[in-house]
1. Take TRP115 and ILE40, extend 7 Å from each Cα along the Cα→Cβ direction, and tell me the distance between the two endpoints in nm.
2. Please sort through the DSSP H helices of the chain and keep those with an alpha-carbon extent of at least 20 Å along the long axis and a Kyte-Doolittle average not below 0.5.
3. Name the residues whose placed amide hydrogens come within less than 5 Å of the amide hydrogen of THR132, ignoring near sequence neighbours (fewer than 5 apart) on the same chain.
4. Compute the distance in nm between two label points, each set 7 Å from the Cα along the Cα-to-Cβ direction, one at ASP24 and one at VAL85.
5. Express the relative contact order of the chain as a whole percentage, based on alpha carbon pairs under 8 Å and six or more residues apart in sequence.
6. Set Lys and Arg Cβ to +1 and Asp and Glu Cβ to -1, take the dipole of the chain about its Cα centre, and tell me which of LEU147, GLY73, ALA25 lies farthest positive.
7. Non-local amide H neighbours of LEU146 (under 5 Å, H modeled in plane, Pro and chain starts lacking H): which ones?
8. Would you kindly state how much longer the chain becomes between ILE141 and ALA63 on full extension, computed as 0.36 nm times their sequence separation minus their alpha carbon distance, in nm to one decimal?
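Values in this text are rule-based calculations from the coordinates and carry no lab data. If you're wondering where the values come from, they're calculated on a predicted model, not measured in any experiment. With ideal geometry, Cβ positions are generated from the backbone for all residues, glycine too; neighbour counts draw on all protein chains shown.
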Amino acid sequence: MLSAAAATMLAIVTVVAATGDNDDALVLIGAGWWVVASLIGALVGRRGNVTSAIGRLLADAKAATMMPEHRPGAVVANRLWPLLVSTVAAGALGLLLAQVPAVACGFAIIWSLAWRHQDAAVLAIEERDGVTFYVERTSPIRPIRLLRTPGLRREVPTLTSVNGSG
């Protein structure tokens, strides 16, 4: 979602900068690139299976007996700082060269669409095993590590069950 928001912001910067320069061709070429980027991202992200990196991350999750300190803002800033830096840099450069945010927007579109199904693997394991995954607090330049905590098993009613039994 944040990659899609970054792409939207970069598209707005592109359109505003190109409008200020009366450069209609840039907006049309940029929009064409964004359509191509959407197709690439949809093609890459269409797979139903988990990527090897996410699978390895889930398999290597450390077991924990207690829920870790919950700081979602710190985790987001700690893990998504490259997205923030690249978006701000491309947006700032857009004031000088409107082509930069146009190109960066396309890559943000590809990134957001390519990763759109990966959370399903985490959700499937959480529902199957009744566990919860948390991102362990690490350095921003070190790989992500997960903690796996016990939780309540989730019983999903089926079509053949009556009142949750059967």
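1. Calculated label separation equals 1.7 nm.
2. 2-20, 24-44, 99-114
3. Under 5 Å from the amide H of THR132: THR149, GLY151.
4. Calculated label separation equals 4.0 nm.
5. Details: 187 pairs, mean separation 57.9, N = 166.
Averaging sequence separation for qualifying contacts and normalising by length gives 35 percent for the chain.
6. The residue sitting farthest along the positive end of the dipole is LEU147.
7. Under 5 Å from the amide H of LEU146 lie the amide H atoms of LYS62, GLU136, each far enough along the sequence or on another chain.
8. Details: separation 78, 0.36 × 78 = 28.08 nm, distance 2.27 nm.
In short, 25.8 nm is gained.
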